[in-house]
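**Q** Take a look at the following structure, please.
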Amino acid sequence: MSDGMVNAASSASANNPVPLVMLRKSLDLQAQSTLSLLQAIPQPVSVNPVHLGQNVDVKA
């Protein structure tokens, strides 16, 4: 988010709510983009057998 958007939103008066609406829309778009990027990350595939990695040897 740019400083200009924050400054415009903070200086918005009650008569001109457009900068706040623009800021909210920008934040919504960023959130949607971030969510889609996170969902696009492939899940790691385990190459180990299922029984490995289930226990920790604390006596070693």
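**Q** Ordered by residue, what ³J(HN,Hα) values in Hz, to whole numbers, does region 49-57 give under the Karplus form 6.51 cos²θ - 1.76 cosθ + 1.60, where θ = phi - 60° and Gly and Pro are x?
**A** x, 4, 6, 7, x, 8, 10, 10, 8
**Q** Let me ask something additional. Determine, for each peptide in 16-24, 45-53, the mean count of other beta carbons within 10 angstrom over its residues, then list the peptides with the highest first. Kindly include the intermediate steps, with their values, before the conclusion.
**A** On the way: 16-24: 13.1, 45-53: 7.3.
Put in order of decreasing packing, that is 16-24, 45-53.
Only the coordinates and a few stated rules stand behind these numbers; no lab work does. The structure presented is a predicted model; accordingly, all values stated were derived computationally and were not measured. Positions of Cβ are generated from backbone atoms using ideal geometry, with glycine treated the same way; all protein chains shown enter the neighbour counts.
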